[in-house]
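So the structure is just underneath, and the comments pick up after that.
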Number of protein chains: 2
Amino acid sequence: MRDHFEIRDGDVAGRIGELTVPRAGVTVETPALLPVVNPNIITVAPDRLESEFGAQILITNSYIIHKNEDLHEEALEKGLHEMLGFDGAIMTDSGSFQLAEYGEIEVTTEEILQFQYDIGTDIGTPVDIPTPPDVSREQAEEELAVTERALRDAENVETGEMLVNAPVQGSTYPDLRERAGRTAYETDLDVFPVGAVVPLMNAYRYDDMVDAVAGAKRGLGRDAPVHLFGAGHPMMFALAVAMGCDLFDSAAYALYARDDRYLTVRGTEHLDELEYFPCSCAVCSAYSPAEIRQENARERERLLAEHNLHVSFAELRRVKQAIRSGNLLELVEERARSHPTMLDGYRAMLDHADQLEREDPVSKGSFFYVSNESASRPEVQRHHDRLSRLDAEGTVLLTQGGTPKSDRFDATWRVVPPFGPFPRALSETYPLTAEVPDRTDDDAYAMAAEGVARLVAANPDTEFVLAHDGWPETALARVPDSVTLEPLHGLSPDEAPDERVDSEADDADDGHGDV
Amino acid sequence: MRDHFEIRDGDVAGRIGELTVPRAGVTVETPALLPVVNPNIITVAPDRLESEFGAQILITNSYIIHKNEDLHEEALEKGLHEMLGFDGAIMTDSGSFQLAEYGEIEVTTEEILQFQYDIGTDIGTPVDIPTPPDVSREQAEEELAVTERALRDAENVETGEMLVNAPVQGSTYPDLRERAGRTAYETDLDVFPVGAVVPLMNAYRYDDMVDAVAGAKRGLGRDAPVHLFGAGHPMMFALAVAMGCDLFDSAAYALYARDDRYLTVRGTEHLDELEYFPCSCAVCSAYSPAEIRQENARERERLLAEHNLHVSFAELRRVKQAIRSGNLLELVEERARSHPTMLDGYRAMLDHADQLEREDPVSKGSFFYVSNESASRPEVQRHHDRLSRLDAEGTVLLTQGGTPKSDRFDATWRVVPPFGPFPRALSETYPLTAEVPDRTDDDAYAMAAEGVARLVAANPDTEFVLAHDGWPETALARVPDSVTLEPLHGLSPDEAPDERVDSEADDADDGHGDV
């Protein structure tokens, strides 16, 4: 049990948590975004990050400070907090990035952790090896062994109240990520960065990123705070949080601003290509793109960095609110439409529905069916698993449209795509209270058929009649042959529906407040 | 030709236009949002709507002013602009809403138009009948006849430079909407409100709203500025603009604020249910929901109204930027995920792909395939129509994966789901430069098969070989029997792909700038 991390609320595998950072004397609410502060170039002053943007924690690089004589001195003398002017928690990186970039660095894990401790770091980092994607398995394993040694070294450093990161590597081998997660979790270290995912994100390989995170999460305990290291684009916060990531760090807000790049939750725009600002932040309400283009470089950078921070912190609030409301997947569904590779990421995530299902709350506010992908959500799988355990006896009518007047049936179950059948007793329970579109797609029908098949397999001696509203052939092909099919209005008059039992699903005014 | 409305840019059936309002001496850029100002209750002062939110035009109700003795006097004396303190354009409604609500009103079209003219209205409105949804066809036709009479009456009023609205009614009968659009367009009136859609939006019937607008648009000329009357929720701006709406009006910003309701592009939230503000605007950055809950009612209303305006105007800027960038449908794709009924609206819109295709630009920046619905976009239909006109002779290889080394084929065409086949000469043209996900869905395959079928039908004497990467049965069933199927790597060695010709579609770094 990690007693410095407490989970307060959850949705899918995402959670709102509290990371207690004893050395800083602060509790950081997660998911959290750590703005990267380059001690050499301050774009937005750390105290403003705190007061205006709500940053509770930031990250800077202890190796840069270690290497620079002046900063080294100043940090040792004043401490990091005073040097940067920041009261919140400060995480420091170790130089691993420089190691990966330049092949070698001048410090060991022991030395840099000691230095981090000495300058007042609240969460320190050992020197791991960020193995890039697509290397040979041999290289990934060798480098992982070095990272694992670094974790053991880190355990042996006396770091007092400072928390210490235990990076999880493994390149693009999900099983190595899982092993790395397990090894890291078995240490007494505190925070778990999933490392070396930046090359995946730079190449828009969100599906591979999802697989890497899923692997790491399988190895880590549920109570492990997970940092998606180097991930700072608001476009993927919802997806990454839904996979179970708790911390993000953004250098992008400043680096992009320097380059006239403008972050949105739908991707990145270049200032030169904008005629209108697609944002409601203070910067975008006060200026037009043409006006900002006329500012000098320094002012332009500051204004764009502030926008980039506003949009990033707002997205994080949106993600947190979605967790509270139990509709994080609905937010992921939207973000998945921002780019075809984000759709790949979401589709990859749904391939892990089993894994997600184990953490997803059993009951939430609402289930919105908003795409073909919705048919593969963990809640649908969970309902199908339940169908394998439900008893249905005698002759049972499964119907999309009504309750028969006749006594030919021993029971009548409602059928709603994508869930399939369920007994009346469950009809007011999540997710069967779902809002579904009137225009049903083939994936929803196919999943409903799968649900029928699961129920039939669990009740081989029961006689089932399925009254459906014209399912496509692909769905009907998945319904077992033993089921009698009847078109919805083909029931004999005394069996015809006398009311629409699926009225909840049809009544758009129901169940979601007002739009 | 409507010479007071000029279209500057377009995407799908949406457009950026300039509405010249001669009496106000201003040009309003469309799509535009008209905040509704209730002359009795000013929530946000009109001069602030202009200076802080960028409103170029607002709407108020001349009937309310007409009925209230004091306001009546003041408006006649000072004029509307001075009375409200607004320099932009002012549209006034006529009392039709009150007529629909209370059964009768005390003015005729002639009287109220004269009054509107007298108080300095820039765009006036006759007394039409807003026929609600789902009435009998008889009622819809009778009331439409009355509305049409009101338009004729309006034509006969001397209104100088004042523009006049020509409302388009017809209830939920798309053919009546079309007829009403045609009749309105034939008058010499100026702006075309599609009326009585509010009940549809209140009931989340976005599909019926789409059908009503599509009907009206079929009747109206392309140069007609179209106002979606009563529509002010930012959630549906993108969808409505893509259908060809130019003007929106929002009473919601103020009415909802009074009721502690908080607008987002994903729906409406109640202040009581928010723990975090999912927004980057100045209000949401400065306050938490808990802090606003502690304000007094008046201040709370003002703050929420300001947020509601920020989010609405930002969405409109986002829509305009999307038109400029040629990715409005990509924005609609995202908004379609905010609620199952919005998905119905989007699916309904794609049922009008033929109609939309006639206005959609032939070439744009990029096509992102981001959902099963993307397979039904107008651009896919247009490509299929083109396939019916393309010549292919001899023996032609249609391949997803490569160019054969052998000379067995007279030509090799690339095949990309959802488009289907195309000759090399078109491979760098829109939409065939599309970004598509690696994880292809059945709808994309089915559409690609449809494309093959169209090409084959146009070239009955040509021998086609289709080398595919494992299409699902449903797609293969749509490929004509005359086509020889080969799995992608089943070609004999000298025909095997020596390069991946679809590398553009796979290279996520290509064609969309940086994310």
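The values are calculated or read from the model by the stated rules, or taken from the named source; none is laboratory data. The shown structure was predicted, so the numbers you read here are calculated from the model rather than taken from an experiment. Every residue, glycine among them, receives a Cβ derived from its backbone with ideal geometry; neighbour counts consider all protein chains shown. Protein only, heavy atoms only, side chains kept; ligands, DNA and RNA dropped before computing areas. Shrake-Rupley method; radii C 1.70, N 1.55, O 1.52, S 1.80 Å.
Taking B:Pro130 and the conditions (1) buried (at least 21 other Cβ atoms within 10 Å of the Cβ); (2) farther than 17 Å from B:Ile59 by Cβ, which numbered condition does it fall short on, given that it satisfies the others?
Among (1) buried (at least 21 other Cβ atoms within 10 Å of the Cβ); (2) farther than 17 Å from B:Ile59 by Cβ, the lone unmet condition for B:Pro130 is (2).
Could you check how many residues of the stretch A:133-149 are closer than 21 Å to A:Asp93 by Cβ and buried (at least 22 other Cβ atoms within 10 Å of the Cβ)?
Total satisfying the criteria: 3.
Among (1) at negative phi; (2) crowded, with 23+ Cβ neighbours inside 10 Å, there is one condition A:Glu158 misses while meeting the rest; what is its number?
(2)
Go through the stretch A:119-140 and give me each residue that's in contact with a helix residue (DSSP H, G or I) (Cβ under 6 Å, 6 or more places away or on another chain) and either of a type outside the set (Ser, Thr, Tyr) or part of a helix (DSSP H, G or I) (or both).
Within the stretch A:119-140, A:Ile119, A:Gly120, A:Gly124, A:Pro126, A:Val127, A:Asp128, A:Ile129, A:Pro130, A:Pro132, A:Pro133, A:Ala140 qualify.
All but one of (1) acidic (Asp, Glu); (2) crowded, with 18+ Cβ neighbours inside 10 Å; (3) assigned to a helix (DSSP H, G or I) hold for B:Asp360; state the number of the condition that does not hold.
Unmet for B:Asp360, out of (1) acidic (Asp, Glu); (2) crowded, with 18+ Cβ neighbours inside 10 Å; (3) assigned to a helix (DSSP H, G or I): (3).
Would you be able to say whether some residue in the stretch B:414-428 is at pLDDT below 95 and of a type in the set (Val, Ile, Thr)?
No, the stretch B:414-428 has no match at all.
Could you list, in sequence order, all residues of the stretch B:39-50 that are at pLDDT 95 or above and either open to solvent by 10 Å² or more (accessible area, probe 1.4 Å) or not assigned by the TED database to the domain that holds B:Met83 (or both)?
Within the stretch B:39-50, B:Ala45, B:Asp47, B:Arg48, B:Glu50 qualify.
So is B:Asp443 open to solvent by 20 Å² or more (accessible area, probe 1.4 Å), closer than 18 Å to B:Leu476 by Cα and touching a helix residue (DSSP H, G or I) at 6+ places or on another chain (Cβ under 9 Å) or not?
Taking the combined requirement at face value, the residue satisfies it.
Which of the numbered conditions does A:Tyr276 fail, given that it passes all the others? Conditions: (1) more than 13 Å from chain B (Cβ to nearest Cβ); (2) within 28 Å of A:Leu343 (Cβ to Cβ).
Failing condition for A:Tyr276: (1).
Look through A:Ser371, A:Ser388 and report the one residue that is open to solvent by less than 10 Å² (accessible area, probe 1.4 Å) and out of contact with any Pro (no Cβ under 9 Å at 6 or more places or on another chain).
None of the other options fit; the residue is A:Ser371.
Step by step: first the residues of the stretch B:256-273, then only those that are open to solvent by less than 10 Å² (accessible area, probe 1.4 Å) and in contact (Cβ under 8 Å) with a residue 40 or more places away in the chain, then the one that is farthest from the other protein chains (Cβ to nearest Cβ). Which residue is that?
Among those that are open to solvent by less than 10 Å² (accessible area, probe 1.4 Å) and in contact (Cβ under 8 Å) with a residue 40 or more places away in the chain, it is B:Ala257.
What's the total number of residues in the stretch B:436-458 that are within 14 Å of chain A (Cβ to nearest Cβ) and β-branched (Val, Ile, Thr)?
Residues meeting the conditions: 2.
Of everything in the stretch B:141-155, what is of a type outside the set (Gly, Ala, Ser) and either under 20 Å from B:Ala24 (Cα atoms) or free of Cβ contacts under 8 Å to residues at least 24 places away in the same chain (or both)? Give them in sequence order.
Correct list: B:Glu142, B:Val146, B:Arg149.
Output the qualifying pairs, or none if there are none: Cβ atoms under 8 angstrom, residues six or more apart or on different chains, first residue in the stretch B:441-457 and outside the structural domain of B:Pro421 (by the TED database), second residue hydrophobic (A, V, I, L, M, F, W, C).
If the second residue must be hydrophobic (A, V, I, L, M, F, W, C), no pairs are left.
Yes/no matrix, rows are residues, columns are (1) acidic (Asp, Glu); (2) without any contact (Cβ under 8 Å) to a residue 40 or more places away in the chain:
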{"position": "B:Met162", "(1), (2)": "no, no"}
{"position": "B:Gln169", "(1), (2)": "no, no"}
{"position": "B:Asp190", "(1), (2)": "yes, no"}
{"position": "B:Asn202", "(1), (2)": "no, yes"}
{"position": "B:Arg205", "(1), (2)": "no, no"}
{"position": "B:Asp208", "(1), (2)": "yes, no"}
{"position": "B:Val241", "(1), (2)": "no, no"}
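Within the set of pairs 6 or more residues apart or between chains, which connect a residue that is in the same structural domain as B:Ser250 (by the TED database) and among the small types (Gly, Ala, Ser) inside the stretch B:298-310 to a residue that is open to solvent by less than 20 Å² (accessible area, probe 1.4 Å) and assigned to a helix (DSSP H, G or I) with Cβ atoms less than 8 Å apart?
That search, which allows pairs on different chains as well, returns B:Ala305/B:Tyr253; B:Ala305/B:Ala254; B:Ala305/B:Ala257.
Among the residues of the stretch B:237-255, is any within 9 Å of chain A (Cβ to nearest Cβ) and under 21 Å from B:Tyr206 (Cα atoms)?
Looking through the stretch B:237-255, none of the residues is within 9 Å of chain A (Cβ to nearest Cβ) and under 21 Å from B:Tyr206 (Cα atoms).
This table checks each residue for (1) in the same structural domain as B:Glu301 (by the TED database); (2) in a strand (DSSP E or B); (3) more than 30 Å from B:Ser363 (Cα to Cα).
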| site | (1), (2), (3) |
| --- | --- |
| B:Arg15 | yes, yes, no |
| B:Glu29 | yes, yes, no |
| B:Leu34 | yes, yes, yes |
| B:His72 | yes, no, yes |
| B:Glu77 | yes, no, yes |
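All but one of (1) part of a helix (DSSP H, G or I); (2) under 30 Å from B:His81 (Cβ atoms) hold for B:Lys217, so report the exception by its number.
Going through the list (1) part of a helix (DSSP H, G or I); (2) under 30 Å from B:His81 (Cβ atoms), B:Lys217 breaks only (2).
Within the stretch A:406-438, which residues are in a loop (DSSP other than H, G, I, E, B) and open to solvent by 30 Å² or more (accessible area, probe 1.4 Å)?
Listed by number, the residues that qualify are A:Asp407, A:Arg408, A:Asp410, A:Glu428, A:Thr429, A:Thr433, A:Asp438.
Select from the stretch A:350-388 the residues that are among the basic types (Lys, Arg) and at pLDDT 95 or above and list them in ascending order.
Matches in the stretch A:350-388: A:Arg377, A:Arg382, A:Arg386.
Of the residues B:Ala55, B:Ala100, which is of a type in the set (Gly, Ala, Ser) and either open to solvent by 50 Å² or more (accessible area, probe 1.4 Å) or assigned to a strand (DSSP E or B) (or both)?
After ruling out the rest, the residue left standing is B:Ala100.
For the stretch B:279-344, which helices (runs of 4 or more DSSP H) that fit wholly inside it have 3 or more residues that are at the interface with chain A (Cβ under 8 Å from one of its Cβ atoms), open to solvent by 10 Å² or more (accessible area, probe 1.4 Å) and within 26 Å of B:Glu50 (Cα to Cα)?
Because the criterion is at least 3 residues that are at the interface with chain A (Cβ under 8 Å from one of its Cβ atoms), open to solvent by 10 Å² or more (accessible area, probe 1.4 Å) and within 26 Å of B:Glu50 (Cα to Cα), the helices (runs of 4 or more DSSP H) in the stretch B:279-344 that meet it are B:297-325.
Kindly indicate whether any position in the stretch B:84-101 is on the phi < 0 side of the Ramachandran plot and more than 31 Å from the chain's Cα centre (by Cα).
Among the residues of the stretch B:84-101, not one is on the phi < 0 side of the Ramachandran plot and more than 31 Å from the chain's Cα centre (by Cα), which makes the answer no.
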